[in-house]
1. Residues that are open to solvent by less than 80 Å² (accessible area, probe 1.4 Å), of a type in the set (Lys, Arg), touching a residue at least 40 places away in the same chain (Cβ under 8 Å) and not in a strand (DSSP E or B): does the stretch 123-135 have at least one?
2. If we keep just the residues of the stretch 80-94 that are among the hydrophobic types (A, V, I, L, M, F, W, C) and closer than 22 Å to residue 189 by Cα, which is surrounded by the most Cβ atoms within 10 Å (Cβ to Cβ)?
3. Touching a residue at least 24 places away in the same chain (Cβ under 8 Å) and open to solvent by 50 Å² or more (accessible area, probe 1.4 Å), is that true of residue 20?
4. Is it true that some residue in the stretch 137-156 is crowded, with 22+ Cβ neighbours inside 10 Å, touching a residue at least 40 places away in the same chain (Cβ under 8 Å) and either of a type in the set (Gly, Ala, Ser) or at positive phi (or both)?
5. Condition first: among the hydroxyl-bearing types (Ser, Thr, Tyr) and modelled with pLDDT under 95. Now tell me which residues in the stretch 115-170 satisfy that.
6. When you look at residue 199, is it under 27 Å from residue 112 (Cβ atoms) and in contact (Cβ under 8 Å) with a residue 12 or more places away in the chain, yes or no?
7. What are the residues in the stretch 71-108 that are in contact (Cβ under 8 Å) with a residue 12 or more places away in the chain and more than 19 Å from residue 162 (Cβ to Cβ), if any?
8. Filter the stretch 89-128 for residues that are touching a Gly at 6+ places or on another chain (Cβ under 8 Å) and of a type in the set (Lys, Arg) and give the result.
Amino acid sequence: MSEPLILLEAASRTYRSGALDVEALRSTTVSVERGDYVALTGPSGSGKSTLLHLLGCLDRPTAGRYVLDGRDVSRLSDAELAAVRNRTIGFVFQRFHLLRDETAARNVELPLIYSGLSRADRQRRSLLALEEVGLSARANHRPGQLSGGEQQRVALARALVKEPRLLLADEPTGNLDSTAGGSVLSLIDTWNRTGVTVILNTHDAGVAAHARRRWSIKDGVLSEGAA
């Protein structure tokens, strides 16, 4: 049996708040196989964001281990974590985080700047990614000229232009109407079927139903199953 893409071993995250230590994620052991599709649910303040930050190498566990793609990333330097994120992980956020003064094509191209690819190759891959999400005709439009659903599809193209092994989606349909949200979920489902591992944070039971596994988290304690 192949090793899992993600392995957390007794991982926890504690933050200092004034004179208090706040345990945002309590000792957690869990694994995610390659190509899995996980929905993470839980109330606000439950620890969802903390867990996603750890899984996305935006933070480190206070205790325990995080093994990603066969490498213990728990104690890597900031530069090493940035390299792991750039090579392995794609992110999609509720608020899109597109650069307002750049075109859709340029926004998608940006993650490739440190890849070693030539400008021509970066542009080619950016346009192919936009074509995949159905936005090749909007490549030269800036975010302010796009609908919310189109902006989120640009964000998806930006996340997947690097061909990551792991896609982390934080409320990807939270700012969208049902039609636009359905389009975005359909794209995520399609990429998962091609082998991309997906972990999706959501408050929407309908969105969570797209996943094969359900995690719920409350007061920093993760459990398997419906919230």
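The values are calculated or read from the model by the stated rules, or taken from the named source; none is laboratory data. Keep in mind the model is a prediction, meaning the values are calculated, not measured. Because the Cβ atoms are built from the backbone with ideal geometry, glycine has one as well, and the counts that use them run over all protein chains shown. Side chains are part of the model used for accessible areas, which takes the heavy atoms of the whole protein and leaves out ligands, DNA and RNA. Shrake-Rupley method; radii C 1.70, N 1.55, O 1.52, S 1.80 Å.
1. no
2. Selected residue: 92.
3. Working: touching a residue at least 24 places away in the same chain (Cβ under 8 Å): no; open to solvent by 50 Å² or more (accessible area, probe 1.4 Å): yes.
Here the answer is no, as residue 20 does not meet what is asked.
4. Restricting attention to the stretch 137-156, the residues satisfying the condition of being crowded, with 22+ Cβ neighbours inside 10 Å are 151-156.
Checking the rest, the ones that are also touching a residue at least 40 places away in the same chain (Cβ under 8 Å) come to 151-152, 154-156.
From what is left, the residues that are either of a type in the set (Gly, Ala, Ser) or at positive phi (or both) are 155.
Yes; the residues of the stretch 137-156 include at least one that is crowded, with 22+ Cβ neighbours inside 10 Å, touching a residue at least 40 places away in the same chain (Cβ under 8 Å) and either of a type in the set (Gly, Ala, Ser) or at positive phi (or both).
5. Passing the criteria: 115, 118, 136, 147.
6. Against the criterion (under 27 Å from residue 112 (Cβ atoms) and in contact (Cβ under 8 Å) with a residue 12 or more places away in the chain), residue 199 qualifies.
7. Result: 74, 75, 94, 95, 100, 101.
8. Passing the criteria: only 100.
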